[in-house]
1. Considering only the range 34-82, state which residues are outside any helix (DSSP H, G or I), within 24 Å of ILE5 (Cα to Cα) and in contact with an Asp or Glu (Cβ under 8 Å, 6 or more places away or on another chain).
2. Residues in the range 1-12 that are exposed (fewer than 11 other Cβ atoms within 10 Å of the Cβ) and either part of a loop (DSSP other than H, G, I, E, B) or in contact with a strand residue (DSSP E or B) (Cβ under 6 Å, 6 or more places away or on another chain) (or both): how many?
3. More than 21 Å from GLU12 (Cα to Cα), free of Cβ contacts under 8 Å to residues at least 24 places away in the same chain, surrounded by fewer than 18 Cβ atoms within 10 Å (Cβ to Cβ) and small (Gly, Ala, Ser): does that describe ALA66?
4. GLU37 - would you say it is modelled with pLDDT of 95 or more, of a type in the set (Asp, Glu) and surrounded by 11 or more Cβ atoms within 10 Å (Cβ to Cβ)?
5. So, ALA24, is that one without any contact (Cβ under 8 Å) to a residue 12 or more places away in the chain and of a type in the set (Gly, Ala, Ser) or not?
6. Could you grab me the full set of residues in the range 13-33 that are in a helix (DSSP H, G or I), surrounded by 13 or more Cβ atoms within 10 Å (Cβ to Cβ) and not basic (Lys, Arg)?
7. Taking interchain pairs and intrachain pairs at least six residues apart, which have beta carbon atoms under 9 angstrom, with the first residue in the range 36-60 and over 18 Å from GLU11 (Cβ atoms) and the second part of a helix (DSSP H, G or I) and at pLDDT below 95?
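The values are calculated or read from the model by the stated rules, or taken from the named source; none is laboratory data. Owing to the predicted nature of the structure, the values given are computational and were not obtained by experimental measurement. Neighbour counts are summed over all protein chains in view; Cβ atoms, including those assigned to glycine, are modelled from backbone coordinates with ideal geometry.
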Amino acid sequence: MRYHISGFAKEELLPYLKHRLELAGTQMDLFEQPALEALFQATNGLPRKINLLAHLSLNVAALQNAQLVSAEHILTAVEETG
């Protein structure tokens, strides 16, 4: 069985990320506004891509001891995924 899920609209990205972060055990806002824009642009709002890129971006930010994910962290994660 196959099913196509269309991408989220830009205004749906933040609520989706907040939901995913709550499932992971935090209610903190971990993404800067420019990072949200970069994440949306890089993923076209596709949930599977958002999940992967957000996870990698959180790892990049953690390795740099950053408290928030920036647009630069998103871009680094995009480069690492090819």
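1. GLY45
2. 7
3. Judged against the criteria, ALA66 is a match.
4. Here the answer is yes, as GLU37 does meet what is asked.
5. It is true that ALA24 is without any contact (Cβ under 8 Å) to a residue 12 or more places away in the chain and of a type in the set (Gly, Ala, Ser).
6. LEU13, LEU14, TYR16, LEU17, LEU21, listed by residue number.
7. Final answer for the pair search is LEU52/THR81; LEU53/THR81; LEU56/GLU80; LEU56/THR81; VAL60/GLU80.
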